[in-house]
Amino acid sequence: MTQPNRKLTMAQAISEAIGQEMERDAEVFVLGEDVGKYGGIFGATGGLLDKFGKDRIMDTPISETGFIGAAIGAAAEGMRPIAELMFVDFFGVCMDMIYNHMAKNTYMAGGNIQLPMVLMTAIGGGYNDAAQHSQCLYATFAHMPGLKVVVPSNAYDAKGLMTQAIRDNNPVVFMFHKGIMGLPWMSYLEGSTNEVPQEAYTIPFGKAKVVREGRDVTIVTLSQMVQKAVLAAETLAAQGIDAEIVDLRTVVPLDRETILASVSKTGRLLVADEDYLSFGLSGEIAALVAENLDILTLKTPVRRLAVPDVPIPYSRPLEQFVIPQVANIVQQAQALMVAPKVKVAA
């Protein structure tokens, strides 16, 4: 029986989704560094070793290429592995497995094999772990044909999206932000901890969520930035600015229709992103709007708020400076309200 008003952290919700799918399907198993006794350093596999044992919750050596390659092989044979890449920044040491095998082998085999696997990984900064442990990089994976890219912002979505990811017959990259996992040893934005049904459920990929309705400006965002945008919207509302917030939930597939519908309503767009500014998600969304100006009426030019093209600093003041904060979202939205109108050619 479902417990009323049951709230979970994102870490608890992800672990619950994995556990329920392991109970439902004997082909589901987890492998990675510290996923067993430790429960994953960000809690995504907490408690699972005691339930399922070391044959299905497998601690691996520090060899990302080795265990991701093993997961690809297991998926090709019909199993449903979940491999945890501890930090997304570590993709550099196993890029061949991800880019040339996980993403491409179904195509290379003419569709004769499927790879129903999940690559789960931690993203984001904000807690002084320096340049090699603090990036988001979802745009990097979205740029590779063959991968679905999932980036939840709260516990409810995390459980539904993880369940969907495990059941999907294609390779899925599932990216959770450390700053919204609800871990007791690091500060986090508490809006990510919310009510989660006890029973299993799925959230379809490619369906963004309008977190907050508004009439003046659209803020398109994802992951931890959703929680920051909600706080910014409260400040903006006190100033008479009504912000609409669109949580993408997934980058691949991307819900273009919801983005365009929101911008069509407000006439103003701010893309708030914790990934890098250049060649990334914010540019893709800006291009989407530019390509549809025949059906949109923009009141002001699009604004983009993202990480400048520098490695994430170790220094806390510098890290806070480069990663967009609530105050930055407020400032950019305010600027949109007074920006010059879009010029239309005669």
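The values are calculated or read from the model by the stated rules, or taken from the named source; none is laboratory data. Model, not experiment: these values are computed from the prediction. Note that each Cβ is placed from the backbone with ideal geometry, even for glycine, and that neighbours are counted across all protein chains shown. Surface areas here come from the heavy atoms of the whole protein model, side chains and all, with no ligands, DNA or RNA. Shrake-Rupley method; radii C 1.70, N 1.55, O 1.52, S 1.80 Å.
The table that follows gives values for the structure above.
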quantity: Among residues of the range 45-90, those that are in contact with a strand residue (DSSP E or B) (Cβ under 9 Å, 6 or more places away or on another chain), assigned to a loop (DSSP other than H, G, I, E, B) and under 22 Å from Ala103 (Cβ atoms), counted; calculated: 2
quantity: Residue check, His133 over 23 Å from Asn169 (Cβ atoms) and not hydrophobic (A, V, I, L, M, F, W, C); calculated: yes
quantity: Test: Leu270 is modelled with pLDDT of 95 or more and assigned to a helix (DSSP H, G or I); calculated: no
quantity: Selection status of Gln325, open to solvent by 100 Å² or more (accessible area, probe 1.4 Å) and modelled with pLDDT of 95 or more; calculated: no
quantity: Met225 being surrounded by 24 or more Cβ atoms within 10 Å (Cβ to Cβ), over 17 Å from Thr266 (Cα atoms), touching a residue at least 24 places away in the same chain (Cβ under 8 Å) and touching a Phe, Trp or Tyr at 6+ places or on another chain (Cβ under 9 Å); calculated: no
quantity: Filter pass, Val93 being open to solvent by 60 Å² or more (accessible area, probe 1.4 Å) and under 22 Å from His177 (Cα atoms); calculated: yes
quantity: Residues located in the range 96-120, provided they are of a type in the set (A, V, I, L, M), buried (at least 17 other Cβ atoms within 10 Å of the Cβ) and in a loop (DSSP other than H, G, I, E, B); calculated: Ala103, Leu115, Met117
quantity: Conditions (1) within 14 Å of Pro116 (Cβ to Cβ); (2) in a helix (DSSP H, G or I); number of the one not met by Thr140; calculated: (1)
quantity: Verdict on Val210 being in a strand (DSSP E or B), open to solvent by 10 Å² or more (accessible area, probe 1.4 Å), under 30 Å from Glu21 (Cα atoms) and modelled with pLDDT of 95 or more; calculated: yes
quantity: Filtered residue count, the range 264-295, keeping only those that are in contact (Cβ under 8 Å) with a residue 60 or more places away in the chain, surrounded by 20 or more Cβ atoms within 10 Å (Cβ to Cβ) and out of contact with any helix residue (DSSP H, G or I) (no Cβ under 6 Å at 6 or more places or on another chain); calculated: 2
quantity: Residue, most open to solvent (accessible area, probe 1.4 Å), within the range 296-313, restricted to residues that are assigned to a loop (DSSP other than H, G, I, E, B) and within 11 Å of Leu336 (Cβ to Cβ); calculated: Lys299
quantity: Flag for Val252 being out of contact with any Asp or Glu (no Cβ under 8 Å at 6 or more places or on another chain) and surrounded by fewer than 24 Cβ atoms within 10 Å (Cβ to Cβ); calculated: yes
quantity: Subset of the range 170-188 [among the hydrophobic types (A, V, I, L, M, F, W, C), open to solvent by less than 40 Å² (accessible area, probe 1.4 Å) and assigned to a loop (DSSP other than H, G, I, E, B)]; calculated: Met181, Leu183, Met186
quantity: Some residue of the range 145-154 being at pLDDT below 95, surrounded by fewer than 21 Cβ atoms within 10 Å (Cβ to Cβ) and in a loop (DSSP other than H, G, I, E, B); calculated: no
quantity: Every pair of residues 6+ apart whose Cβ atoms lie under 7 Å, when the first sits in the range 15-30 and is farther than 15 Å from Gly160 by Cβ and among the acidic types (Asp, Glu) while the second is assigned to a loop (DSSP other than H, G, I, E, B) and open to solvent by 10 Å² or more (accessible area, probe 1.4 Å); calculated: Glu27/Gly78; Glu27/Met79
quantity: Residue in the range 26-41 that is over 23 Å from Lys178 (Cβ atoms) and among the aromatic types (Phe, Trp, Tyr) present; calculated: yes
quantity: Residue identified as open to solvent by 30 Å² or more (accessible area, probe 1.4 Å) and under 22 Å from Tyr314 (Cα atoms) among Gln135, Gln164, Gln198; calculated: Gln135
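Results for (1) among the β-branched types (Val, Ile, Thr); (2) touching a residue at least 60 places away in the same chain (Cβ under 8 Å); (3) out of contact with any Cys (no Cβ under 7 Å at 6 or more places or on another chain), shown as yes or no for each residue.
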{"position": "Leu119", "(1), (2), (3)": "no, no, yes"}
{"position": "Gly125", "(1), (2), (3)": "no, yes, yes"}
{"position": "His143", "(1), (2), (3)": "no, no, yes"}
{"position": "Val150", "(1), (2), (3)": "yes, yes, yes"}
{"position": "Ser153", "(1), (2), (3)": "no, yes, yes"}
{"position": "Val172", "(1), (2), (3)": "yes, no, yes"}
{"position": "Glu195", "(1), (2), (3)": "no, yes, yes"}
